[in-house]
Each structure stands twice: as structure tokens, then as C-alpha cells.
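One structure below.
The values are calculated or read from the model by the stated rules, or taken from the named source; none is laboratory data. What you see is a predicted model, and the numbers here were worked out from it, not measured in a lab. Note that we place each Cβ from the backbone using ideal geometry, even for glycine, and neighbour counts take in every protein chain shown. Surface areas here come from the heavy atoms of the whole protein model, side chains and all, with no ligands, DNA or RNA. Shrake-Rupley method; radii C 1.70, N 1.55, O 1.52, S 1.80 Å.
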Amino acid sequence: MTTHASHLDQTHDALLSSWITSANDPATDFPIQNLPYCAFEEKGVRRLATRIGDTIVDLGLLAASPAFAACLAKEKAPEPGIALALASGDLARVAVLGRGAGRAIRRALSHLFNASTPDLRDDAALRAKVCKDAASCTLVLTHRIGDYTDFYASIDHASTVGAMFRPDNPLLPNYTWVPIGYHGRASSIVISGTSVRRPRGQTKADDANAPVFGPCKLLDYELEVGAFIGRGNARGSSIPIGEAGEHILGLCLVNDWSARDLQKWEYQPLGPFLAKNFATTISPYIVTLDALEPFRVPARPRTGDLPAPLPYLDDDADQNRGGFDIRVEAWIDTPAMRSAGQGPARLSRGSLRHMYWTLAQMLTHHASNGCNLEPGDLIASGTVSGPEPDARGCLLELTWDAPGKPRKPVTLPGGETRTFLQDGDRVILRGACEAEGFRRIGFGACEGTITPVEG
Ligand code: MN
């Protein structure tokens, strides 16, 4: 059995502190143990960065410094091209270098921002060049995302949604054998903070003879986690499950906005289309798999009648540590709550650990037919729902009661109710990892506000 210990190094030490003192605040999502990728725009140019406490660090400028070069030179097998890739402003150029390069970058950053390392700490000129106040930065997508696939990996989500349509047979027979997904739309992926216009489309009431075209009335969010592909695979080749982790750059939060009334009318026979592709919001920070090592857990056990994975999706190491205990939450605030000075209200909380399929199984299945995954592609988990009623990761599930019964709206502080999203509502996703003996790390926020569309 593979254990934690062999995957951990000095960058995970809970006792590390940084000379960026805001990183030492126990409440920050971004202690020196995290070191996620992000990007900001300056004078129309995208620059790759990391975030430490309240500071955004320009990785392109830092990588050009002798101090960073000295760190890389200490690596046993220095990866060529790291500094150029970091300076390119395109995270796909870093992704293609693979996990080894990522670990070298992580070790260099962990060393340079350690409280006891003087190189930057005592070099005011270099520090002023590479360190920026996060509040003053405009964060942007880290790269042009070529392809986006959304899976359906939560058996609890699939069971609840299935029960709405097939009370006696909620799970379709293929579910427990094959990771189900659909190809999403990369062009409409937007970064947290971007407003989302209510989509229009065809909907048909159950008792109507014909559909109408107009604004979506049943707008929903889906609380998901996304994985960015690191190194890809050539078309015609596949990715063995034991190697899948080496092809993942890192994870982010994803809100797969969903127009349920459009979806209901259009989804048969080919699956989601315009109900999903009008917007997908992602968090600005990509937390690397290396940062997440302390929070790996066994895959969800397959008890009862659940079948073992087919051999190409079955791997001891993946079953032992292919899950991630990433605790995710969905929050909402409405225009009325904001004007009353009320904070957001939590709608649900769950953990990625409850997913039926691991990220490695999703990635391996995706490439198993010879489909080429490309550096920087995004693969999302599907709605993260868990076994508990408060772990339902979308309003479609949260407001579901029983077959034939009307939906039960969610009551918000201040007395408003919601069955689906109204114009002006803001949905905020959050994610964080905690484990005994390790520093808590977080994903930042993934938020978007619904704006109206004319009929
Ligand atoms: Mn989804």
C-alpha cells in the first residue's frame, strides 16, 4: 500500500512560516504550504502568478531572478524551460512540462518565501517588482482553455436526480460501470466575479402543446471541482490509471450554471447542450496536486451491490489514496440580503471524497478510447453531492421533496425563499482542506451574479 509519507516533502511542513506575514494568519486560504497558480492582467498583458497570504507574486519576473535560478539549479534533474514557461503568461506552457517541473517550482517558492530566507525578504527592489497587493490585481484565466468536459461522478447526485424522473429505478444500469460525462464548451468559461446573464431558450410546460422561446425560469448552479490537465496524451494513445495523477496540474472550483427548464426539454437523446454552455465560472486559483497530497483519502468504498471497477479503471494506489477530502460549500446572497447588510447564507456543504469515481478514473476513462487530452484542458467532477441532505450541491436537488410533491423552497435569512435563482442573486462557492498535523489550505472563492435578460 502506498502511504502519505512518500508523497510529502518539506513544503508540506505545518511549521513553515513566511516573511509575508499575512500568509501566517490561520484563517488564510493561502499559507506558504498552498502556492496555487493564478494570473493577473497588467497593461493588457497576462502574467502568471502565485498567491501567498494577501500577496500576488509575479512568477515571470521572479523566475528571471538569480535567486530563483539558484533554487532550480539545486534540483537533481533541473527541468529546462521553466523560467521561459513562467514568463510566457500561459499556464498551458507550464502544464506541458509535467509534475516534475511543478514540484521544482513549488520547492523554489517554498524556499524563497520562507521566513528565514533572505534573498527576497531583504531585497526591497526585487520584492517591489514581484510582489503585489492582491486587492489591487485584476485576476484573469491562466490560459486559453482548449477543451472542457464535465462528468457526473457523484452517485448521490445521480441517485437523487434519477429519482425525480424514475422513482423506482433512480440509477441507470450503466452508472456504476462507466464514468458518465459530456463535452462542455470552453469558450464560455469565465473567471470568478464575472456576471452571468440569464440565458434564453426553448422550454415546454408539461401541459403545453408547443415550446416557447424566452428567458430561463429555472436557473441553477452546480457545485463542482475541476482538474486541469498537465501533460497530455497523443491521439490514439491512452493514460494508464497508475499514471493519471502525473497528468493533472491542479484543481479549482467550478460552477456549472444550469438552465433546468431548457435542459428538461433538450436533453434527450444527446445530453446537455444549451442548458449548460452559456457560462461556466471557475475560481482564479489552481491548487496543485502537490499541495493537496496531505488531503488524499481512499476512494469511496464500493459496498453492497456496487461492482468493482473494470481492470483499466482499477488500481490499488488509486483505491487507497485516489480521493481528495476537499470540503466544498455553496453560499448565496440576494439583492435584499445585500442591502440589509446581511452576509451570504450557506446552501450546502460536501466533500469531493464522496464521489463514486476518482479524478484518476475520470481522466483515464476519458483517454481510454484514444481521445487526446491537451495541456490546460479542464475536466470537472459533476455536482458534488454527498449522502447527507445538506450535501446536495444544486437547487434542483436541494428543493426536491418527493415524486409528485411540489418543490420545497429554501428559506433565506430575512425570510425570502428560493426554488431557483433570481436576477441579482450571487452564488459563492468555497473550498478548503484540513487534516490533523497539516496547515489548512483553501481555494478562494468562485462567485458569479445573475443579471437579467430581456424577454
Ligand atoms: Mn455539471
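How large is the accessible surface per residue of region 5-136, computed with a 1.4 Å probe and reported in Å² as a whole number? Working shown, then result.
Working: 5700 Å² over 132 residues.
That works out to 43 Å² per residue.
Mind listing the phi-derived Karplus ³J(HN,Hα) values for region 400-410, rounded to whole Hz, using 6.51, -1.76 and 1.60 with θ = phi - 60°, and x for any glycine or proline?
Karplus values, whole Hz, x for Gly and Pro: 6, 10, 7, x, x, 9, x, 5, 9, x, 7.
Could you list, bin by bin from short to long, the percent of Cα-Cα pairs of region 220-301 in 10 Å steps?
15, 32, 32, 20, 1
Could you name the aspartates and glutamates in cross-link range of Lys132, using Cα to Cα under 20 Å and dropping any fewer than eight places away on the same chain?
By straight Cα distance, Lys132 reaches Asp25, Asp29, Glu41, Glu42, Asp54, Asp58, Asp90, Asp119, Asp122, Asp123.
Counting only residues 5 or more places away or on other chains, whose amide H sits under 5 Å from the amide H of Gly448 once H atoms are built in the peptide plane?
Gly193, Val427
First compute the accessible area of region 332-411 with a 1.4 Å probe, then give the percent of it belonging to carbon and sulfur atoms. It would help to have the intermediate numbers written out before the result.
Details: 1490 of 3020 Å².
Carbon and sulfur atoms account for 49 percent of the accessible area of region 332-411.
Using modelled amide H (1.01 Å from N, peptide plane; none on Pro or chain starts), what sits under 5 Å from the amide H of Val140, excluding residues fewer than 5 places away?
Amide H to amide H, under 5 Å and 5 or more residues apart or across chains, Val140 pairs with Ala39, Phe40, Glu41.
Residue by residue through region 366-378, what is 3J(HN,Hα) from phi via Karplus (6.51 cos²θ - 1.76 cosθ + 1.60, θ = phi - 60°)? Round to whole Hz and write x for glycine and proline.
These are the phi-based 3J(HN,Hα) values: 4, 8, 5, 9, x, 5, 8, 8, 10, x, x, 4, 10 Hz.
Can you tell me the orientation of helix 99-112 relative to the chain, as the angle in degrees between its alpha-carbon axis and the longest Cα principal axis, to the nearest 10?
Once rounded, one gets 60 degrees.
Using each residue's phi in region 384-394, evaluate 6.51 cos²θ - 1.76 cosθ + 1.60 at θ = phi - 60° and report the 3J(HN,Hα) Karplus result to the nearest Hz, with x for Gly and Pro.
Working through the residues one at a time gives 8, 10, x, x, 7, x, 7, 10, 8, x, 7 Hz.
Which FRET efficiency, nearest 0.05, do Ala64 and Val140 yield, Cβ-Cβ r, R0 22 Å? Kindly include the intermediate steps, with their values, before the conclusion.
Working: r = 21 Å, r/R0 = 0.95.
My answer for the efficiency is 0.60.
Filter the trypsin sites (Lys or Arg not before Pro) in region 34-65 down to the DSSP loop ones having no more than 14 other Cβ atoms within 10 Å, then list what survives. Write down the numbers at each step before the final one.
Values: sites: Lys43, Arg46, Arg47, Arg51; in loops: Lys43.
Passing both the DSSP loop test and the Cβ count: Lys43.
Under a 5 Å amide H to amide H cut-off, with H placed in plane at 1.01 Å, what residues pair with Leu249 once short-range neighbours are removed?
Phe228, Ile229, Gly230
Average projected area of the Cα convex hull of the chain, in nm²? Don't skip to the answer; put the middle values down first.
Numbers: hull surface 92.2 nm².
Directional mean of the projected Cα hull area for the chain stands at 23.1 nm².
Calculate the length of the line joining the C-alpha centroid of region 34-74 to that of region 311-387, in whole Å.
Taking the Cα centre of each part, region 34-74 and region 311-387 sit 27 Å apart.
Any idea how far the Cα center of region 402-455 sits from the one of region 80-159, in Å?
28
Could you state the orientation-averaged shadow area of the convex hull built on the Cα atoms of region 228-267, in nm² to one decimal? All intermediate terms of the calculation are to be shown ahead of the outcome.
Values: hull surface 19.3 nm².
Result: 4.8 nm².
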